[in-house]
Amino acid sequence: MEMEQIKVGQLAVFCYLVWCPGTKEALAIDPAGSEEQLVERIKQKGLRLKYIVNTHFHSDHTCGNAKMKALTGADIVMPAADEEALRLPEAQAMLRQMGTEPPPPADITVNEGDHIKVGTVSLEVIHTPGHSPGGICLLCDGNLFSGDTLFVGGIGRTDLPGADHEQFMSSIRDKLPTLPDDTVVWPGHDYGPRPSSTIGIEKVANPWLRQLLYSV
């Protein structure tokens, strides 16, 4: 696996290009902004974009879907529960309040344990609901693309339509700390003191994760 972290749009969103060095097949995780620059970067690297992957349905992660699909022809991949939630009137109203139109329907939906493959690279889907009904992280070769589930030093919010705080805390507590401590965390936003971390560091330094693990 090869990858590149690129900050896009106005909300410090991290997009990730992930590709197979042998076949040059690639996917883009949350390409929500700066679409022309992303496509130019893809061309510079000689890649063929196969998938546009969303970690969840919020507009700061999906607002680039339509343009990226038009520019590349890549299929949109979204968590199944979020594709369903996205069609609810309250979710569409929330997206419009954030200044965006709902994204096009997903071409492919995924669930816990599914794998998204480009060439010989395979990303495992880890369902971490709570920030949104279908929110996911993606695990590949010791790298966790954590979307808005886990930030460097923080976690996602739970005050938006479709969120569930208790479910979110369970998702984080039960699924992420079990990963090896040297798993690299690549978050969905540049909100922390550095652009990436590890599960081991977050167990100690992230107050939310520390409280979940060590509170009596």
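Among what's in the range 164-193 and is hydroxyl-bearing (Ser, Thr, Tyr) and more than 16 Å from residue 127 (Cβ to Cβ), pick the residue that is modelled with the highest pLDDT.
In this case the residue turns out to be 183.
Looking at 197, 146, 171, which one is touching a His at 6+ places or on another chain (Cβ under 8 Å) and in contact (Cβ under 8 Å) with a residue 40 or more places away in the chain?
171
Any residue at all in the range 34-57 that is of a type in the set (S, T, N, Q) and under 21 Å from residue 160 (Cα atoms)?
Scanning the range 34-57, I find at least one residue that is of a type in the set (S, T, N, Q) and under 21 Å from residue 160 (Cα atoms), so the answer is yes.
Would you point out which residue out of 146, 170, 122 is crowded, with 18+ Cβ neighbours inside 10 Å, among the hydroxyl-bearing types (Ser, Thr, Tyr) and either in a strand (DSSP E or B) or out of contact with any Pro (no Cβ under 6 Å at 6 or more places or on another chain) (or both)?
146
Would a scan of the range 96-114 turn up a residue that is in a helix (DSSP H, G or I), of a type outside the set (Ser, Thr, Tyr) and over 12 Å from the mean Cα position of the chain (by Cα)?
Checking the range 96-114: at least one residue is in a helix (DSSP H, G or I), of a type outside the set (Ser, Thr, Tyr) and over 12 Å from the mean Cα position of the chain (by Cα).
Filter the range 15-51 down to the residues that are surrounded by fewer than 23 Cβ atoms within 10 Å (Cβ to Cβ), of a type in the set (A, V, I, L, M, F, W, C) and part of a strand (DSSP E or B) and list them by number.
17 - this is the single residue of the range 15-51 that is surrounded by fewer than 23 Cβ atoms within 10 Å (Cβ to Cβ), of a type in the set (A, V, I, L, M, F, W, C) and part of a strand (DSSP E or B).
If residue 61 satisfies all but one of (1) surrounded by 24 or more Cβ atoms within 10 Å (Cβ to Cβ); (2) modelled with pLDDT of 95 or more; (3) in a helix (DSSP H, G or I), what's the number of the condition it fails?
(2)
With 46, 64 as the choices, which residue is of a type outside the set (D, E, K, R) and farther than 22 Å from residue 125 by Cβ?
Answer to the check: 46.
Scan the range 30-75 residue by residue and report those that are in contact with a Gly (Cβ under 8 Å, 6 or more places away or on another chain) and either in contact (Cβ under 8 Å) with a residue 40 or more places away in the chain or acidic (Asp, Glu) (or both).
30, 35, 55, 56, 57, 59, 60, 61, 63, 64
From the list 49, 27, exactly one residue is modelled with pLDDT of 95 or more, within 23 Å of residue 137 (Cα to Cα) and in contact with an Asp or Glu (Cβ under 9 Å, 6 or more places away or on another chain). Which is it?
Criteria check complete, one pass: 49.
Out of everything in the range 71-119 that is of a type outside the set (S, T, N, Q), touching a helix residue (DSSP H, G or I) at 6+ places or on another chain (Cβ under 7 Å) and under 24 Å from residue 2 (Cα atoms), what residue ends up being surrounded by the fewest Cβ atoms within 10 Å (Cβ to Cβ)?
Residue satisfying both the conditions and the ranking: 71.
The values are calculated or read from the model by the stated rules, or taken from the named source; none is laboratory data. Since we're looking at a predicted model, the values are computed, not measured. As a convention, Cβ positions derive from the backbone with ideal geometry for all residues, glycine included, and neighbour counts pool all protein chains shown.
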